[in-house]
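Here the structure comes first, spelled out in structure tokens, and everything after it is commentary.
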């Protein structure tokens, strides 16, 4: 039996693809994307003057919360429409 020309390229079985489960679990905005798991940790959604929206996350840790924010360059109404569709 002849050896493979490129033995370390991996097989099709072991490769993880982005078009599988991972792509359907993302909430996609024009400039940022995050997992659907973070939707339950949204603390508030605030409208800014420059037609942008800030989404505040409150992620529980062992003894408290970690606060993160994401700035989305969409209007408040369009952002809420996308968030409510999930």
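Every read-out reported here was derived from the displayed coordinates using simple, explicitly stated rules and does not represent laboratory data. Being a predicted model, the structure only gives us computed values, none of them experimental.
Principal axis extents of the Cα atoms in the stretch 33-84, from largest to smallest and rounded to whole angstrom, are 36, 20, 15. In a fully extended conformation the segment linking residue 40 and residue 62 would gain 6.2 nm over its present Cα-Cα distance, using 0.36 nm per residue.
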